[in-house]
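The numbers here are math on the coordinates, done by the rules we state, and not lab data. Here the structure is a predicted model, which means the values were calculated and not measured. Ideal geometry is used to build each Cβ from the backbone, glycine not excepted, and the neighbour counts take in all protein chains shown.
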Amino acid sequence: MFKVNDNYQKLPGSYLFSTIARKVSEYQTAHPDKTLIRLGIGDVTQPLAPAIIDALHRAVDEMGDAATFRGYAPDLGYEFLRDAIAQNDYRARGCEISADEIFVSDGAKSDSGNIQEIFSVDNRIAVCDPVYPVYVDSNVMAGRTGTYDPSSEVWSKVIYMPCTKENGFVPEFPRETPDMIYLCLPNNPTGTTLTKAQLQEWVDYANRVGAVIIYDGAYEAYISESDVAHTIYECEGAKTCAIELKSFSKNAGFTGVRLGYTVVPKELKCGDVSLHAMWARRHGTKFNGAPYIVQRAGEAVYSEAGKAQLAGQIAYYMKNAAAIRNGLTEAGFETFGGVNAPYIWLKTPDQMTSWEFFDYLLETANVVGTPGSGFGPSGEGYFRLTAFGTYENTLAALERIKKL
Ligand code: MLT
């Protein structure tokens, strides 16, 4: 009789955003007359920029012509895209990352879930609490997290680094020494971030204790303050301890198009084993590349027209973020984030739990958000709203919340 991977049985409930989608759909079915405003999952609402649409059209035409048709993509991704990434996201910022240290993928979610498989199952992981659930859940599936305590909602072998109002959402070095440290900056879900100096301390710490940092920079395009690093490789020594994951979803609206990349520097080694070689082996074996037309669309993100159009899109979402922060503050809420990230993290009112506030907001204001406790125990009593809605819906949601 075959056996299944028992680790899956340890996962409590379903994936956070699947649970929310189910609850919202049940509510909508029971109340078909209600118009919901969705500020829950961080999904973009603005259409793809014209420069990207043009690139997609051109690439589609190429695929229909025998002279320019393309089949399987090269293992690491097309050079035209990896060169554009290396130039714009790294060299332009003074970071020496070469095109062959960049692995193009179908998105940062897959990479953030998959990257753990090149590490020993004995490794201890450290995560911020609250945290993007994929990091923990994918390690549960791998059998790296020990047992789950439903009352405290913690895994016995995971090292949690609480990020709360009290510590300014800055994780402290844990008492136990981790082997793998997940950092998402600017942060999902709190919308807060670290200064470059604070990030440098993490790089120094990782190099000192021999840990690897899995650095998720999906929200980098939203950084507005000058003392925040745009990539971990701005920090000295990061190439010997950090893997960086990047997404095209939030900076270019590719949530439905799918494109991302991972940087594994050649200097990153465990003894004499190269992590770059391991990820290349994994990529070559298990992945056949993001589609050619999508990689061409990714290249257009770095064109002059693409950059200008996307700067406009980011400004649009950040206008929403400011409206949410200001509107909620006027309504008496305590808010965090939303300055370097498209997420606003708020304290729930009247001691409500995160899920109580979720239900209250859904039923009373018909606004969908994300309960903070879904991201980890330290998220209890907090709630996340996304700035990725349309401006009109964002203002309408705020009007409804102010009337509560
Ligand atoms: C979120 O809402 O946290 C994100 O949209 C999830 C993701 O990017 O996978």
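The criterion of being touching a Phe, Trp or Tyr at 6+ places or on another chain (Cβ under 9 Å) and crowded, with 23+ Cβ neighbours inside 10 Å holds for residue 216. Here residue 311 qualifies as under 20 Å from residue 54 (Cα atoms) and not polar (S, T, N, Q).
So that you can scan it fast, the table gives a plain yes or no per residue for (1) β-branched (Val, Ile, Thr); (2) farther than 22 Å from residue 379 by Cα:
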position: 162; (1), (2): no, no
position: 174; (1), (2): no, no
position: 177; (1), (2): yes, yes
position: 186; (1), (2): no, no
position: 192; (1), (2): yes, no
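Just one of the listed residues (338, 306, 253, 260) is farther than 25 Å from residue 369 by Cβ, touching a residue at least 40 places away in the same chain (Cβ under 8 Å), touching a helix residue (DSSP H, G or I) at 6+ places or on another chain (Cβ under 8 Å) and within 16 Å of the ligand (Cβ to nearest atom), namely 260. For the condition under 18 Å from residue 299 (Cβ atoms), of a type in the set (Gly, Ala, Ser) and exposed (fewer than 13 other Cβ atoms within 10 Å of the Cβ), residue 99 does not qualify. Listed by first and then second residue, the pairs with beta-carbon distance under 6 Å, at least 6 apart or on different chains, first residue in segment 100-111 and more than 9 Å from residue 76 (Cα to Cα), second away from the ligand (no atom under 12 Å from the Cβ) and in a helix (DSSP H, G or I), form an empty list. Checked against (1) more than 16 Å from the ligand (Cβ to nearest atom); (2) touching a strand residue (DSSP E or B) at 6+ places or on another chain (Cβ under 7 Å), residue 151 passes all but a single condition, namely (2).
Give 358, 388 a once-over and let me know the one that is among the hydrophobic types (A, V, I, L, M, F, W, C) and assigned to a helix (DSSP H, G or I).
358
Restricting 108, 84 to those that are of a type in the set (A, V, I, L, M), within 16 Å of the ligand (Cβ to nearest atom) and in contact with a helix residue (DSSP H, G or I) (Cβ under 9 Å, 6 or more places away or on another chain) reduces the list to 108. For segment 120-135, indicate whether the set of residues that are of a type in the set (Phe, Trp, Tyr), surrounded by 17 or more Cβ atoms within 10 Å (Cβ to Cβ) and closer than 22 Å to residue 185 by Cβ is non-empty. Within segment 120-135, one or more residues are of a type in the set (Phe, Trp, Tyr), surrounded by 17 or more Cβ atoms within 10 Å (Cβ to Cβ) and closer than 22 Å to residue 185 by Cβ. Taking residues in segment 57-83 that are over 15 Å from residue 257 (Cβ atoms), and partners anywhere that are part of a loop (DSSP other than H, G, I, E, B) and hydrophobic (A, V, I, L, M, F, W, C), the pairs with Cβ atoms closer than 6 Å and at least 6 places apart or on different chains are 63/69.
The residues in segment 35-59 that are away from the ligand (no atom under 16 Å from the Cβ) and either within 29 Å of residue 191 (Cα to Cα) or of a type in the set (Gly, Ala, Ser) (or both) can be counted, and the count is 10.
Selection of segment 190-248 for residues being over 23 Å from residue 168 (Cβ atoms), touching a residue at least 60 places away in the same chain (Cβ under 8 Å) and touching a Cys at 6+ places or on another chain (Cβ under 8 Å) yields 212, 233.
When segment 183-223 is limited to residues that are away from the ligand (no atom under 15 Å from the Cβ) and small (Gly, Ala, Ser), the one that is farthest from the chain's Cα centre (by Cα) turns out to be 210. Residues to consider are 335, 329, 394; find the one that is hydroxyl-bearing (Ser, Thr, Tyr) and surrounded by fewer than 16 Cβ atoms within 10 Å (Cβ to Cβ). Selected residue: 329, the only one of 335, 329, 394 that is hydroxyl-bearing (Ser, Thr, Tyr) and surrounded by fewer than 16 Cβ atoms within 10 Å (Cβ to Cβ). Only residues that are exposed (fewer than 11 other Cβ atoms within 10 Å of the Cβ) and in contact with a Gly (Cβ under 7 Å, 6 or more places away or on another chain) were counted across segment 1-23, and they come to 0. Does segment 251-269 contain at least one residue that is charged (D, E, K, R) and either closer than 17 Å to residue 93 by Cβ or buried (at least 18 other Cβ atoms within 10 Å of the Cβ) (or both)? For segment 251-269, residues charged (D, E, K, R) and either closer than 17 Å to residue 93 by Cβ or buried (at least 18 other Cβ atoms within 10 Å of the Cβ) (or both): absent.
Looking across segment 14-55, the residues that are more than 30 Å from residue 80 (Cβ to Cβ), within 21 Å of the chain's Cα centre (by Cα) and either among the β-branched types (Val, Ile, Thr) or not in a helix (DSSP H, G or I) (or both) come down to 14, 15, 19, 20, 38, 39, 40, 41.
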